[in-house]
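Read through the structure below, which is laid out as structure tokens, and then see the notes.
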Amino acid sequence: MNKFLLIIVFISAGWLILNKTGEVSIGPGVFAADMPVQNNLDFPKQFQKGEYTITELASFEIKAKILGKKNYFTGRESDLSPVDLALGWGRMSDESVLEHFDITQSGRWYRWKTDAFPIPRREVESSSANMHMIPADSSVKDRIQSTKKGQIIQLRGSLVKVSADDGWYWRSSLTRNDTGDGACEIIWVTDFQIITP
């Protein structure tokens, strides 16, 4: 019985370590003022990653505040994207605004709720998003994994669509104005920097 309890303790501790992202506070103020920069590609590149074909749709660059971080270990998406970051820019990077929101992530979704909107609802929707990170290499993956909620990050890469020979596919949103199913960005991340500690 003691051995069984010990195994449970180790499994629980491991789960907590893998899922605990930590959190930092940098105080009030807009720390990521600009909208993401996106440019459609005239000649999109296509390449293989394991069993998946990745096609670049648009170049993408963003400086944003991490509103939430979620690790994933199951599902085909996790083969490519082990981490989702919910990101905010403009006034959604201001902690004096964010303190009015309860933000959660699950099932590859980002959700928020508030009792009183400090900024218009449409601004919340168009200045924040859940983004699926596909790291281009192990160095980028390590930097993404090391992030904490509350940090300011900057990344560059491409919005992509992913497909497999059996018909499975996953396609990025190409606008910041959509909501609901299909509204998340899927990003092939080639450069990732943590701006604030």
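For the reader, a short list of remarks on this structure follows.
- When the residues of region 171-197 are filtered to those that are in a loop (DSSP other than H, G, I, E, B) and among the aliphatic types (A, V, I, L, M), the one that is nearest to ALA86 (Cα to Cα) is ALA183.
- Matching residues in region 23-47 - criterion: being within 16 Å of LEU174 (Cβ to Cβ), part of a loop (DSSP other than H, G, I, E, B) and open to solvent by 100 Å² or more (accessible area, probe 1.4 Å): MET35, ASP42
- Residue match in region 153-170 (condition: without any contact (Cβ under 8 Å) to a residue 40 or more places away in the chain and in a strand (DSSP E or B)): yes
- Members of region 54-107 found to be closer than 15 Å to GLU23 by Cβ, of a type in the set (Asp, Glu) and part of a loop (DSSP other than H, G, I, E, B), listed by number: GLU99
- Counted residues, region 151-170 - those being out of contact with any helix residue (DSSP H, G or I) (no Cβ under 8 Å at 6 or more places or on another chain) and either under 18 Å from ALA33 (Cα atoms) or small (Gly, Ala, Ser) (or both): 9
- Residue in region 35-42 that is touching a Gly at 6+ places or on another chain (Cβ under 8 Å) and at pLDDT 95 or above present: yes
- Any hit, region 86-104, residues being open to solvent by 20 Å² or more (accessible area, probe 1.4 Å), in contact with a Lys or Arg (Cβ under 6 Å, 6 or more places away or on another chain) and over 19 Å from PHE31 (Cα atoms): yes
Yes/no per residue for (1) under 27 Å from THR53 (Cα atoms); (2) out of contact with any Leu (no Cβ under 6 Å at 6 or more places or on another chain); (3) open to solvent by less than 50 Å² (accessible area, probe 1.4 Å):
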site: TRP112; (1), (2), (3): no, yes, no
site: GLU123; (1), (2), (3): no, yes, yes
site: ILE144; (1), (2), (3): yes, yes, yes
site: ALA164; (1), (2), (3): yes, yes, yes
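- Filter pass, SER81 being more than 18 Å from ASP181 (Cα to Cα), open to solvent by less than 60 Å² (accessible area, probe 1.4 Å) and at pLDDT 95 or above: no
- Residue, most open to solvent (accessible area, probe 1.4 Å), within region 166-188, restricted to residues that are touching a Phe, Trp or Tyr at 6+ places or on another chain (Cβ under 9 Å) and within 16 Å of TYR52 (Cβ to Cβ): TRP168
The values are calculated or read from the model by the stated rules, or taken from the named source; none is laboratory data. Please read these numbers as outputs of a predicted model, since none were measured by experiment. Ideal geometry is used to build each Cβ from the backbone, glycine not excepted, and the neighbour counts take in all protein chains shown. To get the accessible areas, we keep the full protein, side chains included, count just its heavy atoms, and leave off ligands, DNA and RNA. Shrake-Rupley method; radii C 1.70, N 1.55, O 1.52, S 1.80 Å.
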